[in-house]
Amino acid sequence: MNRYGAEFLGTFWLVLGGCGSAVLAAAFPLAGIGDQVGIGLHGVSLAFGLTVLTMAYAIGHISGCHLNPAVSIGLWAGGRFPARDLAPYIVAQVLGGIAAGAVLYLIASGAPGFDVAKGMASNGYGAHSPGGYSLLAALVTEVVMTLFFLLVILGATDKRAPAGFAPIAIGLALTLIHLISIPVTNTSVNPARSTGVAVFVGDWAIAQLWLFWVAPIVGAVLGALVYRLIAEEPGLARQPARG
């Protein structure tokens, strides 16, 4: 149960820190002046990376710090995670994401003019993509970004990699992923992150949520298969994942 609790709390932190930075701080007007002093796209990208980096050091030794159903499935496909733990990990991650979405909704709704219909950092395509990108563009983006995320996770946690640096590499990888893909889909690469806010937005966010489960899972499995193809050696002992 300790591992599932760690995944719940870690995913809570990821959604609250990442989506919270987008909803509360991305474009914050300075009262009485009109200038924007928000953190913008760069700050939101960094916030997502920092949530993973900090939690990897905090709970990596407890649960592996997956924080993401796609990562758990990818680690299973890569031979790093047992199938029997997939369902409870995914349940814990999704519940953590929804709990964080609830806290974020309570905070954000305390501001005048709050409108949940604006998306609350939900992921989307077409009319709900920040840049108006198509379904195909969103699909390709999410698959490719998650594929490379798994490559980084598997490589950084390989027993041959320098010890102790995996959280940094993984956190920076997630930051880079957001810098690339926020304009396309608001960046998911994580079904729990997408679900955590979509359930409070409802409507289009729920209707489009399928993509942000399917594409990250496909990308994660592909990333695991690619890594096994290029990196594994016969008889190499596998290590528990951190990240």
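The values are calculated or read from the model by the stated rules, or taken from the named source; none is laboratory data. Predicted model, so just to flag it, every value in this text is computed and none were measured. Don't worry about glycine lacking a Cβ; one is built from the backbone with ideal geometry, like all the others, and counts go over all protein chains shown. Surface accessibility is based on the protein's heavy atoms, side chains included, excluding ligands, DNA and RNA. Shrake-Rupley method; radii C 1.70, N 1.55, O 1.52, S 1.80 Å.
Tabulated results
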item: Percent accessible area from carbon and sulfur atoms, the chain, protein chains only, probe 1.4 Å; result: 71 percent
item: Relative packing of peptides 16-26, 128-138, 184-194 - highest average C-beta neighbours within 10 Å first; result: 184-194, 16-26, 128-138
item: Solvent exposure ordering (accessible area, 1.4 Å, most first) of Lys118, Lys159; result: Lys118, Lys159
item: Heavy-atom surface of the chain, accessible at 1.4 Å and reported per residue (Å²); result: 44 Å²
item: Rounded tilt (10° steps) of 86-108 against the dominant C-alpha axis of the chain; result: 20 degrees
item: Three-way shape call for the stretch 113-162 based on the alpha-carbon gyration tensor, with the a/c threshold at 1.5; result: oblate
item: Percent RCO, i.e. relative contact order, over the stretch 1-134, from Cα pairs under 8 Å lying at least 6 residues apart; result: 33 percent
item: Cα-centre dipole for the chain with unit charges at Cβ (Lys and Arg positive, Asp and Glu negative), debye to 20; result: 520 debye
item: The chain - convex hull of alpha carbons, volume per residue in Å³; result: 115 Å³
item: Nearest-ten-degree value, helix 166-185 long axis tilted from longest Cα axis of the chain; result: 40 degrees
item: In sequence order, calculated HN-Hα J values of the stretch 220-226 (Karplus, 6.51, -1.76, 1.60; Hz; x Gly/Pro); result: 5, 5, 4, x, 5, 5, 5
item: Nearest 10 degrees, 0 to 90: helix 2-20 Cα axis against the chain principal axis; result: 40 degrees
item: Structure-based [θ]222 nm, the chain - -39500 (n - 2.57) summed over DSSP H runs of at least 4, per residue, nearest 500; result: -21500 deg cm²/dmol
item: Cα centroid of the stretch 49-99 to Cα centroid of the stretch 135-211, whole Å; result: 13 Å
